[in-house]
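Contents: one structure, followed by commentary.
The values are calculated or read from the model by the stated rules, or taken from the named source; none is laboratory data. These figures come from a predicted structure and were not determined experimentally. Here the Cβ positions follow ideal geometry from the backbone for every residue, glycine too, while neighbour counts run over all protein chains shown.
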Amino acid sequence: MANDPFFYVIIIACLIVGGILLWGISTFGKGGEGSAKRSNKIMQYRIIAQFIAVIVIVGVVYIRAQMGN
(Lines give C-alpha, C1' and ligand atoms only; values in the text may rest on other atoms or scores of the structure.)
Protein backbone atom coordinates (compact mmCIF):
# COMPACT_ATOMS: atom_id res chain seq x y z
CA MET A 1 0.00 0.00 0.00
CA ALA A 2 2.88 2.36 0.71
CA ASN A 3 3.95 2.00 -2.94
CA ASP A 4 0.62 3.43 -4.08
CA PRO A 5 0.89 7.19 -4.84
CA PHE A 6 -2.75 7.65 -3.79
CA PHE A 7 -1.75 6.51 -0.30
CA TYR A 8 0.49 9.55 0.07
CA VAL A 9 -2.24 11.89 -1.19
CA ILE A 10 -4.60 10.54 1.47
CA ILE A 11 -1.96 10.88 4.19
CA ILE A 12 -1.22 14.47 3.15
CA ALA A 13 -4.95 15.34 3.14
CA CYS A 14 -5.36 13.91 6.65
CA LEU A 15 -2.27 15.73 7.92
CA ILE A 16 -3.58 19.02 6.55
CA VAL A 17 -6.89 18.51 8.38
CA GLY A 18 -5.04 17.60 11.58
CA GLY A 19 -2.77 20.62 11.25
CA ILE A 20 -5.70 22.99 10.82
CA LEU A 21 -7.40 21.38 13.82
CA LEU A 22 -4.33 21.92 16.01
CA TRP A 23 -4.01 25.48 14.73
CA GLY A 24 -7.62 26.23 15.68
CA ILE A 25 -7.32 24.65 19.11
CA SER A 26 -4.12 26.52 19.87
CA THR A 27 -5.68 29.80 18.76
CA PHE A 28 -8.64 29.20 21.03
CA GLY A 29 -6.35 28.28 23.92
CA LYS A 30 -4.36 31.51 23.71
CA GLY A 31 -7.32 33.59 24.81
CA GLY A 32 -7.55 37.30 24.35
CA GLU A 33 -9.88 39.49 22.40
CA GLY A 34 -11.19 37.98 19.20
CA SER A 35 -9.60 34.62 19.91
CA ALA A 36 -12.88 32.73 19.85
CA LYS A 37 -13.95 34.40 16.61
CA ARG A 38 -10.58 33.69 14.98
CA SER A 39 -10.65 30.08 16.21
CA ASN A 40 -14.16 29.64 14.84
CA LYS A 41 -13.00 30.86 11.43
CA ILE A 42 -10.08 28.43 11.49
CA MET A 43 -12.45 25.60 12.35
CA GLN A 44 -14.54 26.56 9.33
CA TYR A 45 -11.40 26.12 7.25
CA ARG A 46 -10.98 22.69 8.87
CA ILE A 47 -14.49 21.67 7.80
CA ILE A 48 -13.68 22.67 4.22
CA ALA A 49 -10.37 20.79 4.31
CA GLN A 50 -12.10 17.78 5.84
CA PHE A 51 -14.73 17.81 3.07
CA ILE A 52 -11.98 17.89 0.45
CA ALA A 53 -10.14 15.05 2.22
CA VAL A 54 -13.29 12.91 2.22
CA ILE A 55 -13.85 13.62 -1.48
CA VAL A 56 -10.24 12.60 -2.19
CA ILE A 57 -10.59 9.38 -0.19
CA VAL A 58 -13.88 8.45 -1.87
CA GLY A 59 -12.34 9.27 -5.25
CA VAL A 60 -9.35 7.02 -4.57
CA VAL A 61 -11.65 4.18 -3.47
CA TYR A 62 -13.72 4.65 -6.62
CA ILE A 63 -10.67 4.68 -8.89
CA ARG A 64 -9.24 1.58 -7.21
CA ALA A 65 -12.58 -0.21 -7.61
CA GLN A 66 -12.68 0.67 -11.30
CA MET A 67 -9.14 -0.64 -11.75
CA GLY A 68 -10.11 -3.92 -10.11
CA ASN A 69 -7.64 -3.65 -7.20
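Among the residues of segment 34-50, is any among the polar types (S, T, N, Q), within 23 Å of ARG64 (Cα to Cα) and under 12 Å from the mean Cα position of the chain (by Cα)?
Yes: one or more hits.
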Members of segment 1-38 found to be of a type outside the set (Lys, Arg), modelled with pLDDT under 85 and farther than 22 Å from ILE63 by Cα, listed by number: PHE28, GLY29, GLY31, GLY32, GLU33, GLY34, SER35, ALA36
Residue within segment 57-64 that is within 13 Å of the chain's Cα centre (by Cα) and in a helix (DSSP H, G or I) present: yes
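Answer yes or no as to whether ARG46 is touching a Leu at 6+ places or on another chain (Cβ under 6 Å) and surrounded by 12 or more Cβ atoms within 10 Å (Cβ to Cβ). Quick ask: steps written out before the conclusion?
On the way: touching a Leu at 6+ places or on another chain (Cβ under 6 Å): yes; surrounded by 12 or more Cβ atoms within 10 Å (Cβ to Cβ): yes.
Against the criterion (touching a Leu at 6+ places or on another chain (Cβ under 6 Å) and surrounded by 12 or more Cβ atoms within 10 Å (Cβ to Cβ)), ARG46 qualifies.
Please verify whether ALA53 is surrounded by 11 or more Cβ atoms within 10 Å (Cβ to Cβ) and part of a helix (DSSP H, G or I), treating the condition exactly as stated. Lay out the reasoning, then the answer.
Details: surrounded by 11 or more Cβ atoms within 10 Å (Cβ to Cβ): yes; part of a helix (DSSP H, G or I): yes.
Yes; evaluated as a whole, the condition is true for this residue.
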